[in-house]
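The values are calculated or read from the model by the stated rules, or taken from the named source; none is laboratory data. Source: prediction; values computed, not measured. Glycine gets a Cβ as well: all are built from the backbone with ideal geometry, and neighbour counts include every protein chain shown. Accessible surface areas use protein heavy atoms only, side chains included; no ligands, DNA or RNA. Shrake-Rupley method; radii C 1.70, N 1.55, O 1.52, S 1.80 Å.
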Amino acid sequence: MHRITLIPGEGIGPEVSRAMQQVVEASGVSVQWDIQEVGAIPEKEEGTPLPARVLDSISSNKVGFKGPITTPFGGSYRVLVTWEGGRKPGSPPVRDYPSISVGLRKELNLYANVRPTVSFQGIRTRFEGVDLISFRENTEDLYAGIEHWVTEGVAESIKVITRKASERFARFSFRYAHARGRKKITAVHKANIMKLTDGLFLNVAREVAESFPDMVFEDRVVDNMCMQLVIKPQEYDCLLMPNLYGDILSDLCAGLVGGLGVAPGANIGDHVAVFEPVHGSAPKYAGQDRVNPMASILCGAMMLEHINEMDTARYIREALRRVLSEGRHVTRDLGGRAGTREMTEAIIEQLGKIR
Ligand code: NAD
């Protein structure tokens, strides 16, 4: 019996999280879910959007799944849908707070973000044969959100890059890629302009690459990398990126293989891992049974691999592949008409034939 923390999330989060949960349960793996709410509800009821109980649950279970969460900004926002169908549109606004996803990564020291993007037969895109892994440093860089007002009308954001964080991240990424038989890592940076911060990130990556002589190491300036990826993505294998470029380019990579609905991800530290789709909470689609559950289901497969349920992870991917190839039960973002539930049920049906 595996014990896994499940954070359903907000907006479309509960729907896609439930899809992942149903597929994992149908796979036959025995899981006890420890369901934990974060966000607007605990913010109102417990005075914080990220209560300590959530961090304790993940730390003790060592593995978690997180649905997307809405990060309020620019005043206030309204909760649309929650796990238990709680607050409805029109409930009182809550105050702004920092990103819970960023908070979780920092608090649990989940320093590496891993996002595979793979072409699937049945998903029509501009490219075939894309098979990329984006590695994104998760704890520092501009994305850490160290900002302040210098004076009225002047805001400052500080970009911090350290040798320690860059090195542990680069080592993790090379080891992860190497263990999966990957051949090449491309570091992405802007060291021509940010010579100290991105220069440090790049130099550390170069040093770490020396310990992996059977892998090719190269680097690209981030603007050039964007252009290269939308022309010939098949020439790249693994991308090693500081936090902000990783955030942006991993969405770009998702676009190469069918969009945000198909891209899974994982946040991994030395002791704990939390799996989450790349996409956000898409509040405008919340509760409509229309978004693609595939990213979350693929997160479920990554999570099962992480807990050594390799065969089951393979069966889930195969079931998904069959549903995509057949093309009858796919969601609108993939050109079909199925809802979230119908696509999930089709995957579960295929899974039953494979197991
Ligand atoms: P988003 O990813 O929620 O949505 C952007 C667009 O992508 C949607 O309008 C939709 O067209 C498409 N999309 C997203 N998920 C999809 C799915 N499963 N199936 C089909 N199409 C899908 O990004 P956004 O609109 O910039 O952000 C909305 C909220 O989500 C914000 O509050 C943001 O802060 C938050 N967010 C959270 C996370 C996270 O929790 N990890 C990540 C990104 C954004």
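So here's what we get for this one:
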quantity: Sole residue being open to solvent by 60 Å² or more (accessible area, probe 1.4 Å) and touching a Lys or Arg at 6+ places or on another chain (Cβ under 7 Å), chosen from VAL216, VAL222, VAL208; calculated: VAL216
quantity: One residue from ARG136, ARG171, ARG126 being open to solvent by less than 50 Å² (accessible area, probe 1.4 Å) and in contact (Cβ under 8 Å) with a residue 24 or more places away in the chain; calculated: ARG136
quantity: Test: LEU304 is of a type in the set (A, V, I, L, M), assigned by TED's automatic domain parsing to the domain that holds ILE354 and more than 30 Å from ASP270 (Cβ to Cβ); calculated: no
quantity: Count - residues of segment 15-35 that are open to solvent by less than 10 Å² (accessible area, probe 1.4 Å) and within 19 Å of ALA263 (Cβ to Cβ); calculated: 6
quantity: Residue list for segment 1-48, filter: part of a loop (DSSP other than H, G, I, E, B) and out of contact with any strand residue (DSSP E or B) (no Cβ under 8 Å at 6 or more places or on another chain); calculated: GLU10, GLY11, ILE12, SER27, GLY28, GLY39, GLU46, GLY47, THR48
quantity: Exclusive hit being more than 12 Å from the ligand (Cβ to nearest atom), of a type in the set (Gly, Ala, Ser) and surrounded by fewer than 21 Cβ atoms within 10 Å (Cβ to Cβ), set ALA346, ALA301, ALA313; calculated: ALA346
